1. From the phi of every residue in the range 77-92, what ³J(HN,Hα) in whole Hz does the Karplus formula 6.51 cos²θ - 1.76 cosθ + 1.60 yield, where θ is phi - 60° and glycine or proline is x?
2. With a 10 Å radius around each residue's Cβ, average the other Cβ atoms per peptide and rank 72-79, 9-16, highest first.
3. Between Ser26 and Cys89, what is the spin-label point distance in nm, taking each point 7 Å from the Cα along the Cα→C-beta axis?
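All of the numbers you see were taken from the coordinates with simple rules; none came from a lab. Being a predicted model, the structure only gives us computed values, none of them experimental. Note that we place each Cβ from the backbone using ideal geometry, even for glycine, and neighbour counts take in every protein chain shown.
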Amino acid sequence: AWFAAAPQQPALARAAAQLAGLLVDSLGEAGSITAAVVPLLVSSCVDEAARGDEEREEEGQGGGGGDDGEDSPSALRWQAAYFSLRALCKLGARSPALLASAP
């Protein structure tokens, strides 16, 4: 549910992604819990990648841009995707089969 708040509350989505990383660190391959988190992590990364492309097209730029502040909405969105990707990397290192079956 925290990941669903990403558009309205990117700080909450970032915290959820960080918590997912801690979950992977502490539980490892603990079956149903980590399996339930994988689609959320993938969705966070995909959504941010798509949002980044749209923003660059609107701005007519190849990258960078906008808000420079660490707690700006733009920064919080990419940070949520970054921490989601980190958690996916940790999961992949512990259980490649889990990621292979991800939607």
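1. With the stated coefficients, the range 77-92 comes to 5, 5, 5, 4, 5, 4, 5, 5, 5, 4, 5, 5, 4, 4, 5, x Hz.
2. 9-16, 72-79
3. Inter-label distance under the simple model: 2.2 nm.
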